[in-house]
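Chemist: What follows is a structure written as structure tokens; I'll ask about it next.
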Amino acid sequence: MSYIISDGKVMMEYIGATGKPITFDDVPIDDGIDFHFILSFAIDADPSGNPQNGKFSPYWASTLTPESVASIKSKHPNVKALASLSGWSLGQKTLNWYKPANTQQWISNAFTSLKSIVNTYHLDGIDIDYERFPKHNETFAYCIGELINKVTTPRGYLKAFVLRSEQFDKEKVIPSYEVDGRGIQGDAFFDALRLLESNGFHVNGAMIFSADASAEDNYYYERKTQAFLLNSTSHY
């Protein structure tokens, strides 16, 4: 795996918010800088601006297609793409954070819809751009905090693992997974394990929480994790 050395310099550019038919190729990109395009916006609303209980849809310019995201990232390995959530308005409708009737349902809907958008558009993460809030409403911090935990990417998992390995002996740190819980979710966990191996970590073990939660899916993660470990190229 190769990386562009950028000396920590980052350029972030919001794109697609006005509906103007702009393309990624229109924007000058220096390959010596980490360049992040932030697609604007993914919104929890229908086209009229009515809240959809966490079901986000992409409202950026139609010229910013999944194919164009893949293309610009292929041309410039230093480019990443993110989806920005909400923004100020949708058309003439000002957007406000609202109190979900059921916070757990909102989090579940948001995770599912954003996972679909991230996968479809080859995105690397999300940006939070909620700008208006009702008074005395603490649900935003809770819902968004839980959502961020759920949408952690394999690369984000790697970053966190590297940090823990610097704090402790890396040979004593093993990757972990929480079924239907916080942190990275789904098969992205196994993408993260492969990413760890490709970055020089020996994946000789894994921890899962918990068998109680896994029973509903016939212990899918236990089976797949053990298969991964048996086929792993890592050795003590």
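The values are calculated or read from the model by the stated rules, or taken from the named source; none is laboratory data. No experiment lies behind these values; they were computed from the predicted model shown. Here the Cβ is made from the backbone with ideal geometry for all residues, glycine too, and neighbour counts use every protein chain on show.
Chemist: Having 3 or more residues that are surrounded by 17 or more Cβ atoms within 10 Å (Cβ to Cβ) and under 16 Å from the mean Cα position of the chain (by Cα) is the bar; report the helices (runs of 4 or more DSSP H) wholly within region 119-236 that clear it.
Modeler: It comes to 139-150, 154-167, 188-198.
Chemist: Of the residues Gly54, Gly32, Gly8, Gly19, which is modelled with pLDDT under 95 and under 21 Å from Lys93 (Cα atoms)?
Modeler: It is Gly19.
Chemist: Take the conditions crowded, with 18+ Cβ neighbours inside 10 Å and either under 18 Å from the mean Cα position of the chain (by Cα) or free of Cβ contacts under 8 Å to residues at least 12 places away in the same chain (or both) and apply them to Trp97. Does it pass?
Modeler: no
Chemist: Could you please give the count of residues in region 119-151 that are among the hydrophobic types (A, V, I, L, M, F, W, C) and free of Cβ contacts under 8 Å to residues at least 12 places away in the same chain?
Modeler: 1
Chemist: Within region 100-114, can you find the residues that are part of a helix (DSSP H, G or I) and surrounded by 16 or more Cβ atoms within 10 Å (Cβ to Cβ)?
Modeler: Scanning region 100-114 gives Trp106, Ile107, Ser108, Asn109, Ala110, Phe111, Ser113, Leu114.
Chemist: Which condition breaks for Phe37 when tested against (1) in contact (Cβ under 8 Å) with a residue 40 or more places away in the chain; (2) in a loop (DSSP other than H, G, I, E, B)?
Modeler: It is condition (2) that Phe37 fails.
Chemist: A further question follows. Please go through region 91-149 and pick out each residue that is touching a strand residue (DSSP E or B) at 6+ places or on another chain (Cβ under 7 Å) and among the polar types (S, T, N, Q).
Modeler: none
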